[in-house]
Amino acid sequence: MPHRDSDGTPSAAPLDLSLLRTFLAVHRAGSFTAAARMLGLSQPTVTTQIRSLEDRLGRELFERVPRGVVSTPVAEELAARVSAPLDTLAAVTDRGGFGADVVADPVHVAGPAELLCTRVLPALAPLTGQGVRLRMTTGLTDGLLEGLRGGHFDLVVSTSRPRGRTLRAVPLADEEFVLVAGPEWAARIGPDRVAAEGPAALHGVPMVTYAEDLPIARRYWRHVFGVRLTGRAAITVPDLRGVLAAVVAGAGMSVLPRYLCLDELASGAVVPLLVPEDPPINTVHLARRPGAADNPHVSLVAERLLAAGRTW
């Protein structure tokens with residue numbers, strides 16, 4: 001029997017909440033596959049439900065792209081209308097209803113190993129006294145943001161601003177890069193020589209970096225010296241803490257985030273080879289998984305990080 005309004009005229013039946021829940025997962029994840037993982041459904045089921053919702057609305061909700069889907073303006077409008085009510089409903093149904101005595105889920109935080117170990121963990125450690133449980137994952141930013149879209153993490157400390165509109169991200173801290181060497185190499189090069197001669201003064205000094213293509217050093221050369229860096233690394237270590245250890249031990253020079261070598265700069269274990277007026281700066285962002293608002297500890301962790309980030 002068709003659904004009728006109060007005046008007796010036929011009207012469309014209410015939208016199925018399961019279709020809206022699936023729609024919101026796809027909108028937030030930017031992928032049918034990632035949404036299926038978040039919901040515990042098969043990808044064909046998600047595809048069928050989205051097609052059913054599109055048929056019901058008579059409008060296209062998503063456009064397929066090589067790495068997933070992009071929301072249409074109709075989908076953006078629908079998401080703005082249903083996200084808050086569905087998140088509120090999920091907070092009740094997923095946690096056992098009103099008055100349920102439950103323990104908040106662990107907060108899954110991901111980011112570069114160096115930032116997590118030297119800045120993030122010390123900032124968050126006191127929260128364990130408030131019952132917060134943390135699960136930390138290290139990795140490269142692009143992969144971690146994909147994991148965030150897929151629902152694997154709650155928060156990602158990202159070295160770049162996430163693209164697209166499916167993730168919420170706010171600036172967390174600025175990291176300044178500094179060109180350093182051990183004191184022996186700094187003495188060989190000579191004080192103020194880099195400022196006078198530029199990169200020519202560094203000819204023959206071994207480079208220590210975390211990847212073969214010298215990504216941080218190349219950016220420094222381009223930004224500060226205005227030239228392209230050529231040459232090969234003497235040592236590569238996929239962890240900037242290892243790069244710093246090698247420089248301290250006398251392996252050569254490197255470009256490192258200032259926060260990572262503050263103590264070594266203060267003690268003289270490493271020496272800045274140049275103090276440019278305009279050093280390279282990279283803004284670190286805190287990205288949050290959409291739909292994570294039902295766990296109050298996620299907000300607690302995010303607030304703590306944003307407060308701590310102002311001092312980094």
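Please get the size of the charge dipole for the stretch 175-280, origin at its Cα centre, with Cβ charges of +1 on Lys and Arg and -1 on Asp and Glu, quoted in debye to the nearest 20.
Working: 9 positive and 12 negative charges, 65 e Å.
Value, rounded to 20: 320 debye.
In the chain, if the dipole is taken from +1 on Lys/Arg beta carbons and -1 on Asp/Glu beta carbons about the Cα centre, which of PRO238, PHE62, ALA302 is farthest to the positive end?
Of the listed residues, the answer is PHE62.
What ³J(HN,Hα) values, in whole Hz, does the Karplus curve 6.51 cos²θ - 1.76 cosθ + 1.60 give for the stretch 156-163 when θ = phi - 60°, with x put for Gly and Pro?
10, 7, 10, 7, 9, 6, x, 7
Kindly state, to the nearest 0.05, the FRET efficiency for ALA125 paired with ARG219, given R0 = 30 Å and r defined as their beta-carbon distance. Intermediate values should be presented prior to the final figure.
Working: r = 32 Å, r/R0 = 1.06.
So the FRET efficiency works out to roughly 0.40.
Hey, rough spin-label estimate for GLU60 and ALA104, points 7 angstrom out along Cα→Cβ, what's it come to in nanometres?
4.2 nm
On the principal axes of its Cα set, how long, how wide and how thick is the stretch 124-281? Give whole Å, largest value first.
Principal-axis extents of the stretch 124-281 (Cα, largest first): 52, 36, 28 Å.
Note down the magnitude of the dipole of the chain about its Cα centre, charges +1 on Lys and Arg C-beta and -1 on Asp and Glu C-beta and zero elsewhere, to the nearest 20 debye.
Values: 32 positive and 32 negative charges, 76 e Å.
With Lys and Arg at +1 and Asp and Glu at -1, about 360 debye.
Check every DSSP H run in the chain and write down those whose alpha carbon atoms cover 24 angstrom or more along the long axis and whose mean Kyte-Doolittle hydropathy is 0.5 or greater. It would help to have the intermediate numbers written out before the result.
Numbers: long enough: 73-93 (29 Å, 0.69).
Going by DSSP H runs, the hits are 73-93.
Can you give the extra length, in nm with one decimal, that the chain gains between VAL275 and SER52 once fully stretched, where that is 0.36 nm per residue apart less the Cα-Cα distance? Let's see the in-between values first.
Working: separation 223, 0.36 × 223 = 80.28 nm, distance 6.09 nm.
The VAL275-SER52 span can extend by a further 74.2 nm.
List the relative contact order of the stretch 17-93 as a percent without decimals, with contacts defined as Cα pairs under 8 Å and 6+ residues apart. The partial results should precede the final answer.
Values: 64 pairs, mean separation 22.3, N = 77.
Normalised by residue count, the contact order of the stretch 17-93 is 29 percent.
Return the FRET efficiency for the residue pair GLU184, CYS117: r is the Cβ-Cβ distance, R0 is 41 Å, and the value is rounded to the nearest 0.05.
0.90
How high is the relative contact order of the chain? Use alpha-carbon pairs under 8 Å, at least six apart in sequence, and give a whole percent. All intermediate terms of the calculation are to be shown ahead of the outcome.
Details: 469 pairs, mean separation 66.2, N = 312.
It rounds to 21 percent for the chain.
Looking at the chain, send over the antiparallel percent of its DSSP beta bridges, to the nearest 5.
Details: 24 of 34 bridges.
Just about 70 percent of them are antiparallel.
Just how many % of Cα pairs in the chain lie over 24 Å apart, if you round to the nearest whole percent?
Numbers: 30226 of 48516 pairs.
Percent of Cα pairs beyond 24 Å in the chain: 62.
Sorted by mean Cβ packing within 10 Å, highest first, what order do the peptides 229-238, 175-184, 247-256, 80-89 take? Working shown, then result.
Values: 229-238: 14.9, 175-184: 19.9, 247-256: 21.7, 80-89: 13.4.
Ranking the peptides 229-238, 175-184, 247-256, 80-89 by packing returns 247-256, 175-184, 229-238, 80-89.
Taking K and R as +1 and D and E as -1, what net charge do the other residues with C-beta under 15 Å from the C-beta of GLU114 add up to? Could you put the intermediate results ahead of the total?
On the way: positive: ARG119, ARG241, ARG258; negative: GLU175, GLU176, ASP239, ASP263, GLU264.
Local net charge: -2.
Name the residue farthest towards the positive end of the dipole of the chain from the options ALA34, SER267, PRO44, assuming +1 on Cβ of Lys and Arg, -1 on Cβ of Asp and Glu, about the Cα centre.
With unit charges placed on the Cβ atoms, the residue in question is PRO44.
Any read-out appearing in this document is the output of simple, stated calculations on the displayed coordinates, not a laboratory observation. Computed from a predicted model, the values in this text were never measured in an experiment. Using ideal geometry, Cβ is built from the backbone for each residue, glycine included, and neighbour counts are taken over all protein chains shown.
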